[in-house]
1. Over region 6-139, what is the relative contact order in whole percent, taking alpha-carbon pairs under 8 Å and six or more residues apart?
2. Cα to Cα, under 12 Å, and not fewer than 8 places away if on the same chain: which aspartates and glutamates meet these conditions relative to Lys183?
3. Which trypsin sites (Lys or Arg not before Pro) in region 37-111 pass both tests, a DSSP loop state and at most 13 other beta-carbon atoms within 10 Å?
4. Over the Cα atoms of region 6-139, how large are the radius of gyration and the largest Cα-Cα distance (Dmax), in Å?
5. In debye, nearest 20: dipole of region 146-256 around its Cα centre with unit charges on the Cβ of K, R (+) and D, E (-)?
6. Could you give the length gained by full extension between Ala8 and Ser208, i.e. 0.36 nm per residue of separation minus their alpha carbon distance, to one decimal place?
7. Using DSSP to define loop residues, name the GluC sites (Glu not before Pro) in region 111-168 whose beta-carbon has at most 13 other beta-carbon atoms within 10 Å.
8. In the structure displayed, which of Lys130/Lys215; Lys55/Lys155; Lys215/Lys260; Lys21/Lys82; Lys50/Lys110; Lys130/Lys155 lie more than 30 Å apart, Cα to Cα?
Amino acid sequence: MRKPDIFALFLPEIRELIEAKNFEQIKPILDGMHAMDISTGFSHLMPDEKILIFKLLPARRAIQVFEDLRRVDQAMLINGLKNGEMTQVLNDMAADVRANLFKDFSESTKKKLLSAMKAEEAEDVRHLLKYEEGTAGGLMTTEFVTLKSDMTARKALTKLQDGYRAGQAETIYTAYVTDDNRKLTGGVPLQELVLAPPDMPVSDLMKSFAADLIKINVHRSQEVVIQRFRKYDLHDAPVVDDDGRLVGVITVDDILDLMKHEADKQVYALGKVSEGGAGAEMDYSKARVLPMFRRRFFWLLILLLIGLFVSGQILRGYEESMKLVVVLAAFIPMLMDSGGNAGQQSLCMVVRGLGTGDIYPRDILKVIWKELLTSLLVAPAMGLAAGLCAFVLLGDDISKYPNLPYAVAGALACVVMIATVTGAVLPMFFKKVGLDPAVAASPFITTVVDATCLVVYFEMARLIGVGGLK
């Protein structure tokens, strides 16, 4: 069941109050909504209404709403609000969210906003912007509180409370312990710290915490980060530099956003939809026709050209065979579709395995062997089914082409085996060379399977001697 749009339910009343300039009565309505509902509701508002609603929000709520807005609405507010109003929001935003926002700004906008922000916050933004997008450094927040191993549980909790109130910690799932040189030495889950005897030293609490297993180097890729969170079921993870010093923390909410973004990219790649300039995120209910045309046309054109120049040329090469035995053409779509489906099945399994960290490019021989064994079971069964279908479909013409069902059966069995192995190899190859494995679902798998299907089918028909072919 679809969740109701809370903001839309109150929109008529809000607009009446705006028209009457009765702004104070709008505040209680907004207070009763979740920040995410307000962020989502911005899509219903005109630009001047968005600015007005945003100004009516208390400072803390305004920050929460701003962090969840679409990039286009964030940019609109930055341009529409006075420098002082926007600067307060930027100063109090979560460090990692703020840094991601600045990555989309022009250099002139960055300079203008950084000069208006607090010196400490501006320096924090500059520091985070040094790390490449798609790395642990680009995902982390620098807002965290560290403990010392000789602290008592009581003193550690007091420090965490003070740090959180001062805005030095975005979220606290785990308290990380460092030495005098800021090197990570361990950690303590907040739950254990709360339940511990007040006088118990932090060093005793951190004994069972395997910080070395979950720490992530600041330069590691976001794929490694996702795999680490999945493997150890983490709520957060420490980020260290090359010398082992704690430089940041990655929290699970950032990973969930990242996983959604990556999932969207893979879905669009599998559907041959170009990401375009707007990245992988697209709200279909609000998408306009022209942008959708731009997203789809490129890959459809590529597929058309590949089909013409590859499959088309193969068909022309077997033109004489088709003239002699016209009925051969009737089974080409079925063979292509079945081969494509087999290839897509193995491709999807391997892409998912690469995404979850179950397999790596170095496992390519194991993957090929497993898919080959699977295809040895699937291919004969598919071939037998296709041969029986061909026998039934030929009807009275079976006397003219008694060998055709055997050609169809043999060709499909071969194509299924080739497509299954190809569907496994292509994403492994793309991953190895540093490209998105999901791209293999684009023209490549289609082209290989279609071309292979045509060649195998006609050669099988000629080998068996269907209709007197030689």
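Read-outs: derived from the displayed coordinates by stated rules, not from any lab. What you see is a predicted model; the values in this text were computed from it and never measured. With ideal geometry, Cβ positions are generated from the backbone for all residues, glycine too; neighbour counts draw on all protein chains shown.
1. RCO, region 6-139: 18 percent.
2. Counting by Cα, and skipping residues close in sequence, Lys183 has these aspartates and glutamates nearby: Asp212, Asp241, Asp242, Asp243.
3. Answer in residue order: Lys82, Lys103.
4. My reading of the Cα-based Rg and Dmax gives 15.8, 50 Å.
5. Here region 146-256 has a charge dipole of around 80 debye.
6. Using 0.36 nm per residue and subtracting the Cα-Cα distance, I get 67.0 nm.
7. Of the GluC sites (Glu not before Pro), the ones in loops of region 111-168 whose Cβ has at most 13 other Cβ atoms within 10 Å are Glu132, Glu133.
8. As for pairs spanning more than 30 Å Cα to Cα, those are Lys55/Lys155; Lys130/Lys155.
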